[in-house]
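In what follows, a single structure is set out as C-alpha cells and then discussed.
The values are calculated or read from the model by the stated rules, or taken from the named source; none is laboratory data. Bear in mind that the values here come from a model prediction, so they are computed numbers and not experimental data. Here the Cβ positions follow ideal geometry from the backbone for every residue, glycine too, while neighbour counts run over all protein chains shown. Each accessible area value is taken on the protein alone, full model and side chains, heavy atoms only, with ligands, DNA and RNA left out. Shrake-Rupley method; radii C 1.70, N 1.55, O 1.52, S 1.80 Å.
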Protein chains: 2
Amino acid sequence: MFERILIAYDGSHGAERALVKATELAKLCGAQLIALTVYRHHSMLEASLSMVRGSMEPGSNLDESMRAAAREAANYAKSHAKDHGVEQVSAFIKAGQPARTIVGFAHEKNCDLIVVGSRGMGATESYLLGSVSHKVTGIADCPVLVV
Amino acid sequence: MFERILIAYDGSHGAERALVKATELAKLCGAQLIALTVYRHHSMLEASLSMVRGSMEPGSNLDESMRAAAREAANYAKSHAKDHGVEQVSAFIKAGQPARTIVGFAHEKNCDLIVVGSRGMGATESYLLGSVSHKVTGIADCPVLVV
C-alpha cells in the first residue's frame, strides 16, 4: 500500500523505534525505504556558539563533525533495513531545519509515507517549540507515522 | 506487524482518507480493525448553547441526535472496512474530549496503532488549540498514523 517510505533517523531512541517500524512496514509493502538524517549547519548555531568558541576556525570543524555523525546515523539506518530484508534502501544526509527538511525531501522523492519518532532531535526545542514529529504531521503532504 | 488498529472516524474528509488507509493496512497485516467515533456530550456545549436554546428540553434531544450521528458514522466506517476485505471489524461510539477519548480507548483495547485524519473534529478548535491529530500523537502510548 506504500511504495516509497521515508524514515527520518537521527540516532535518538524515538528514531530507533521508528526505524524498526519503518523497516517492518517497507518489507510488508515491498516498498523502497529512504533513510534521511538531518543535521544543523553551523550557521544555525553561530549565534549561540560565538561567545564560547573563542579562537576556533569559524564553524568548519563543527560542520565537519556534524556531517560525519549524520552520515554515520544514516548509514546505520540503511544497514538495519538491509539486514532485516528490505531490498531497496538508500541513505541521505541534509543540513537544515529538521521538520521542513524532512517534509521537503519526502516531497522531492515522491514518498507516500514519512516515519518519525515521537521524540528526538532536541528535547529542549521540543519542549519550547513543539516536537519535530508535530511539525512534520502539520506540514507534510503525505501520511505520517509517528512511532 | 500491527494486530489491532483503531481508526478514529468522525465523517470528515480527513477521517475518510484515514479510513481508507486504515482499511488497507488492516487487510495487509491481517489485523483487527476497531472503528471509534467520538461525540461531544451536551454538557460540554451547555455554556455556548444555553443562551440560544431557549425552551428546549435541557440537552436531551441534542444528546440524542449527536449520539445517532456518531452511531451512523461508526457503522459507515465498519461497513467500509468489511466491504474492502477486513475480516474482524467492530464499531464503537463514545462521548468525550476527542484526543483523550481516542487514546484512552486505544489503550483499553490494547491497540498497537491509531489512525487519524490530519484535520477534522472541529476546524476552529484545531486552529485555536491544535488539531486532534496533534494531541493524539502527543499523548498516545502506541504509534499513530496521521493521514
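A few comments on the model shown:
- Long-range amide H partners of residue B:113 with built H, under 5 Å: B:4, B:6
- Summing both sides, the accessible surface hidden between B and A at a 1.4 Å probe radius is close to 1600 Å².
- Occluded residues from the range A:16-32, i.e. those whose accessible area drops by 50 Å² or more once the chain is not alone (1.4 Å probe): A:21, A:28
- Full extension of the segment from residue B:3 to residue B:64, taken as 0.36 nm per residue of separation minus the current Cα-Cα distance, would add 18.6 nm.
- Note, ³J(HN,Hα) from phi for the range A:22-38, Karplus 6.51, -1.76, 1.60, rounded to Hz, x at Gly and Pro: 4, 5, 4, 5, 4, 5, 4, 8, x, 8, 7, 10, 10, 8, 10, 10, 9
- Teacher prompt: residue B:107 distances to equivalent labels in other copies, 7 Å Cα→Cβ, nm: 3.6
- Summarising the amide proton neighbourhood of residue A:41: residues at separation of 5 or more, or on other chains, whose placed amide H is nearer than 5 Å comprise A:96.
- Taking amide H as placed 1.01 Å from N in the peptide plane, the amide H of residue B:92 sits under 5 Å from that of B:35, B:36, B:37, each at least 5 places away or on another chain.
- The phi-based Karplus calculation (6.51 cos²θ - 1.76 cosθ + 1.60; θ = phi - 60°) puts the 3J(HN,Hα) values of the range B:83-91 at 4, 9, x, 7, 7, 9, 10, 9, 10 Hz, whole numbers, x for Gly and Pro.
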